[in-house]
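The values are calculated or read from the model by the stated rules, or taken from the named source; none is laboratory data. Please read these numbers as outputs of a predicted model, since none were measured by experiment. Using ideal geometry, Cβ is built from the backbone for each residue, glycine included, and neighbour counts are taken over all protein chains shown.
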Amino acid sequence: MSDQKQTETKQTSLHAKHVELGAKMVPFAGYDMPVQYPMGVLKEHLHTREKAGLFDVSHMGQVFLTPTNKKFETAAKALEKIVPADIQSLEPGQQRYSQFLNADGGILDDLMISRLAMPGYEHVLYLVVNAGCKDADYAHLNKHMPKGVTVSVKDDTLSLIALQGPRATEVLGVLAPAVRDLVFMTHTDLELLGDMDTPVWAHVSRSGYTGEDGYEISAKHEDMVRLVDELLSYDDVEPVGLGARDSLRLEAGLCLYGHDIDTTVSPIEAGLFWSIQKHRRSADAGYLGAKRVAADIADKSTKRLVGILPDGRAPAREHTEVQDMDGNTIGEITSGGFGPSSREGAGGPVAMGYVARKFTKAGTDVQLIVRGKARPAKVVKLPFTPHTYYRGA
Amino acid sequence: MSIYYTEDHEWIKVDAPIQNGSIGTVGISAYAAKALGDVVFVELPDVGLEMDKGDEAAVVESVKAASEVYAPVGGEVTEVNEKLEAAPETVNASADADGWFLKMKIADADELESLMDEAKYKVYCEGL
């Protein structure tokens, strides 16, 4: 996932907890991370869809952009030079998904961007970036942020976890009832585990990367262990590793950097058109890569990322060749595996990949070349498992 | 009945008398099934396929990855466990018995000599 040389393997603040829970640890993006716990990938996946899964995502980068003049507009305008999303219209407490693009419109990384809501901090932007790209991202931010915007990386201070699944709101709501009212892609700062001597403050956002309702919670390293112990004390909550995180996001049709998206594709090719607000779609929108974005919107000949549903039970993995019914190569699988909750819960193989523009219509028959054999498949609409985001009562 | 294991964690069971032309049943060990994780697909060979020792005999796909199953000895495939197509999870539930992959007519029974017996295989796994 990362091109950077991995010198020594880093550990998150929850490392000892993972080992104690019996996790199988693997190196991932420079960190020693849990790929699965004794429950196993399949059951962890299903548990997240049925109840609630707890994920350590502290390897991801957390960084704040603070305008020294305390005007939100200053930070927003600066960030709008390097991401396609509209940032100026973000209200305090709102969050948006976007990408860092290079000058050619290729994707350097994808990220979450939030405008803080805490009184006195509403001018501050909070970014969460991918672990494998974060050092390059920080260099990119330092290069492009003007003097009046401070870039503060908080990986030495802050941990990040995700609590995902239908029971997430019930559980976290016990600790802080206010989280029940947050809607998808909004956030707040509040006290979890309140006690007078050692309160745990957390940044809680109603978001995630599994397609489920749930939260991402940022807190100080020393508080996170306590918070995780508390959350794991609920019967409905089980720890979930990177293995199930991957099958969950694939079923949800969400891109994984380094696989479905990288510098060779634009956000339009990657199906991320929805993440670019209307007035940011023209060549003169003023951000790095805007020309490519506008050109790809206009040009119907470029490839597109689509969902691909193999017939039968054989999974088609990353780099599997996609052919049309006449045997011509039309694309390649970029993420493929088994979706335990797909096909209305029956489970089966699911995949995403790029195909030439004229094959992107849902229902198009294609062939996947798995171990030399052509296997039938269909282009389908994403996601494979419906999203259950909470958008308000 | 005798059981032999390969270093790649396939097993082959053969009923006495063990000789050229004996039928062996092939599967993967419980150790391998556990390491693979939940099996979601098994690709079996065609009956009649002639294999040399070490040839790819089947493919087993778990939630994590695809892995090859190799022929522990040379011979001809005489039967495959079609139940695995609909119920690949049988490999996890019963790797040593119901989760067998194929039966084969052993070409050269002497090839079994190069494999490990149960005790040796147990020691081999402990060293991994």
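Please go through segment A:366-393 and pick out each residue that is at pLDDT 95 or above and assigned to a loop (DSSP other than H, G, I, E, B).
Within segment A:366-393, A:381, A:382, A:383, A:384, A:385, A:386, A:387, A:388, A:389, A:390, A:391 qualify.
Among the residues of segment A:109-131, what is the count of those that are under 16 Å from residue A:66 (Cα atoms), in a strand (DSSP E or B) and acidic (Asp, Glu)?
Total meeting the criteria: 0.
Inside segment A:131-169, can you point out the residues that are more than 25 Å from residue A:72 (Cβ to Cβ) and either of a type outside the set (A, V, I, L, M) or over 21 Å from the mean Cα position of the chain (by Cα) (or both)?
Answer for segment A:131-169, where residues must be more than 25 Å from residue A:72 (Cβ to Cβ) and either of a type outside the set (A, V, I, L, M) or over 21 Å from the mean Cα position of the chain (by Cα) (or both): A:132, A:133, A:135, A:156, A:159, A:164, A:165, A:166, A:167, A:169.
Quick one: in segment A:182-214, which of the residues that are under 23 Å from residue A:121 (Cα atoms) and in contact with a Gly (Cβ under 7 Å, 6 or more places away or on another chain) is surrounded by the most Cβ atoms within 10 Å (Cβ to Cβ)?
By that ranking, first place goes to A:187.
From the list B:80, B:14, exactly one residue is touching a Pro at 6+ places or on another chain (Cβ under 7 Å) and buried (at least 20 other Cβ atoms within 10 Å of the Cβ). Which is it?
Working: B:14 fails: touching a Pro at 6+ places or on another chain (Cβ under 7 Å).
Of the residues listed, the single one that is touching a Pro at 6+ places or on another chain (Cβ under 7 Å) and buried (at least 20 other Cβ atoms within 10 Å of the Cβ) is B:80.
On the basis of being acidic (Asp, Glu) and either within 20 Å of residue A:264 (Cα to Cα) or assigned by TED's automatic domain parsing to the domain that holds residue A:363 (or both), does residue A:284 make the cut?
Criteria not met by residue A:284.
Return the residues of segment A:301-331 that are of a type outside the set (S, T, N, Q), in a strand (DSSP E or B) and surrounded by fewer than 18 Cβ atoms within 10 Å (Cβ to Cβ); say none if nothing qualifies.
First, the residues of segment A:301-331 that are of a type outside the set (S, T, N, Q): A:303-319, A:321-322, A:324-327, A:330-331.
Restricting the remaining residues to those that are in a strand (DSSP E or B) gives A:304-310, A:321-322, A:330-331.
Across segment A:301-331, the qualifying residue is only A:321.
Determine, yes or no, whether residue A:354 is under 26 Å from residue A:112 (Cα atoms), of a type in the set (Ser, Thr, Tyr) and not in a strand (DSSP E or B).
So residue A:354 does not fit the description; no.
Would you pick out the residues in segment A:335-351 that are outside any loop (DSSP other than H, G, I, E, B) and within 12 Å of chain B (Cβ to nearest Cβ)?
Of the residues in segment A:335-351, the ones outside any loop (DSSP other than H, G, I, E, B) are A:335-339, A:343-345, A:348-351.
Matches in segment A:335-351: A:336, A:337, A:338, A:339, A:348, A:349, A:350.
Can you pull out the residues in segment A:313-334 that are within 14 Å of chain B (Cβ to nearest Cβ) and in contact with a Phe, Trp or Tyr (Cβ under 7 Å, 6 or more places away or on another chain)?
So in segment A:313-334, the residues within 14 Å of chain B (Cβ to nearest Cβ) come out as A:313-320, A:333.
Hits for segment A:313-334 are A:313, A:314, A:315.
Give the residues of segment A:26-62 that are away from every other protein chain (no Cβ under 13 Å) and touching a Pro at 6+ places or on another chain (Cβ under 6 Å), sorted by residue number.
A:54
Can you report the number of residues in segment B:56-77 which are surrounded by fewer than 23 Cβ atoms within 10 Å (Cβ to Cβ) and not hydrophobic (A, V, I, L, M, F, W, C)?
Total meeting the criteria: 7.
Residues to consider are A:311, A:365, A:324; find the one that is touching a residue at least 12 places away in the same chain (Cβ under 8 Å), over 24 Å from the mean Cα position of the chain (by Cα) and within 30 Å of residue A:48 (Cα to Cα).
A:311
For segment A:156-257, which fully contained helices (runs of 4 or more DSSP H) count at least 3 residues that are more than 14 Å from chain B (Cβ to nearest Cβ), in contact with a strand residue (DSSP E or B) (Cβ under 9 Å, 6 or more places away or on another chain) and at pLDDT 95 or above?
Of the helices (runs of 4 or more DSSP H) lying wholly inside segment A:156-257, those with at least 3 residues that are more than 14 Å from chain B (Cβ to nearest Cβ), in contact with a strand residue (DSSP E or B) (Cβ under 9 Å, 6 or more places away or on another chain) and at pLDDT 95 or above span A:168-175, A:221-232.
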